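Values in this text are rule-based calculations from the coordinates and carry no lab data. All figures in this text were calculated on a predicted structure; none of them were measured in a lab. Every residue, glycine among them, receives a Cβ derived from its backbone with ideal geometry; neighbour counts consider all protein chains shown.
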Amino acid sequence: MKSIFTSFFFTLAIVLWAQNVTIPDANFKNALLTHDPVIDTNSDGEIQVSEAEAFTGTLVFENANISDLTGLEAFLNVNAMYCAQNQFTSMPISSMPNLLLIVAWDNQLESLDVSQNPLLFRIDVGGNNISELDVTNNPALIELSIGDNVIGNLDLSNNPLLERFYSTNGNTHTFLDFSSNPVLNTLIVQNLEDLQFINIQNGNTAGIVNLNLTVLSALGCVRVDPEVVGNIPDSWVYDEGTNFSADCTMGTDDLKESEIRIYPNHTQNQFFIDSNENLKQIEIFSFSGEKIMTKNELNNQPINVSNLNTGTFIIRMKTDSGKVFTQKLIIQ
């Protein structure tokens, strides 16, 4: 009887070991079967569970017209993935604790869960449809590239090794805080209409050698280390009029609950400003970042904009106490 049970479990183990991975997307299956280095080591035209688990290298399947990554979860020991320019909407990578790198730009990703990938040092997912991204469980992260998504605010406080950050076109951050990223050396942030505040006061602001902050029409202030104020590096690129300060008063609390209200914010000729504080100056910018108008003496009077073309504008308001607020104005 013991021999029968031993034989049964041995047979069961062989069956499980030889089980094929279910891969419904024909293009994905073909990419795996023709992969270099070889995954289908027994050349039977299938990917066994054992073959997937045995693969410890880099998966490469770029521009392969793949719309479904079902089966990827079987690759438990992959350390890197290059899968740009496909059409998949999700990426099942939670079963890959050894994953170091993801390059998946120009797909149709709607979400990305990297909470089970603590060793990730590079995430490049630009050109997708991601609205939220949590990187608080990725302490090894060095590079984060998220341009051309619809991602809101990020918590980067658990990424002390972050060196490079890229966010452009479409993302909906209202603030970006790099105060916990002291080795940051590259910061590319462009064409974000909602971004109002950036904090790069991290004890090493001057170490950011590659900085581009352009077409940020709502940006009120960039907080920097005190020694950088008045000594902005020549290599930095930024919109004319960008406010660099060591003590920006427009922090996250100000962004959540503004003390200033514009009414009506859809107007043809004029608008009013309701403020708890005295206003020192207002500036009106086009959405391309061009300064259209400056007014220094307000005296609670309506602001005449009848000479401006129709469109959406950004109003930047400075108070006597030094606070800076920005709001949108639509001229009809």
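Quick one: 164, 316, fewest Cβ neighbours within 10 Å first, how do they rank?
By the 10 Å Cβ count, ascending, the order reads 164, 316.
For 173, 266, what's the fewest-to-most ordering of other Cβ within 10 Å of each Cβ? Walk me through the numbers on the way to the answer.
Details: 173 19, 266 11.
Listing 173, 266 from fewest to most nearby Cβ atoms yields 266, 173.
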*Where nothing but the Cβ of Lys and Arg (+1) and of Asp and Glu (-1) is charged, how large is the charge dipole of the chain around its Cα centre, in debye to the nearest 20?*
440
*Any idea how far apart residue 266 and residue 113 come out in nm if each label point goes 7 Å out from Cα toward Cβ?*
4.0
*Across the chain, how many lysine pairs, 8 or more positions apart or on different chains, have C-alpha atoms separated by under 19 Å? Please give the number.*
14
_the stretch 54-63 - phi-based ³J(HN,Hα) in whole Hz, Karplus 6.51/-1.76/1.60, Gly and Pro as x_ = 6, 7, 10, x, 9, 8, 10, 8, 8, 6
*From the backbone phi of the stretch 163-172, what are the Karplus-calculated ³J(HN,Hα) couplings (6.51 cos²θ - 1.76 cosθ + 1.60, θ = phi - 60°) in whole Hz, Gly and Pro given as x?*
10, 10, 9, 10, 8, 9, 6, x, 4, 10
_Environment charge at residue 86 (Cβ cut-off 13 Å; Lys +1, Arg +1, Asp -1, Glu -1)_ = -4
_the chain - Cys residues lacking any other Cys C-beta under 4.7 Å_ = 83
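So what's the net charge close to residue 185: Lys and Arg +1, Asp and Glu -1, counting the other residues with Cβ under 15 Å from its Cβ?
Numbers: positive: 122, 164; negative: 143, 163, 225.
For residues surrounding residue 185, the net value is -1.
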_For residue 193, what residues show an amide H to amide H distance below 5 Å, using hydrogens built from the backbone and excluding near sequence neighbours?_
170
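Percent relative contact order of the stretch 63-198, based on C-alpha pairs within less than 8 angstrom and at least six residues apart?
Details: 393 pairs, mean separation 20.7, N = 136.
Reported as a whole number, the value is 15 percent.
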_Which labelled figure in [x] 26.1, 98; [y] 21.6, 81; [z] 21.7, 66 is Rg and Dmax of the Cα atoms in Å, once derived from the coordinates_ = [x]
*Karplus-derived HN-Hα couplings along the stretch 185-191 (A = 6.51, B = -1.76, C = 1.60, θ = phi - 60°), whole Hz, x at Gly and Pro*: 10, 9, 9, 10, 9, 9, 6
_For residue 129, net neighbour charge (Lys/Arg +1, Asp/Glu -1) across residues whose Cβ lies under 14 Å away_ = -4
*Please list the non-local residues whose amide H lies under 5 Å from the amide H of residue 305, H modeled 1.01 Å from N, same-chain partners needing a gap of 5 or more.*
270, 271
*asked:* Looking at the chain only, what percent of DSSP beta bridges run antiparallel? Nearest 5 please.
replied: 40
_For the chain: relative contact order, % (alpha-carbon pairs under 8 angstrom, 6 or more apart)_ = 8
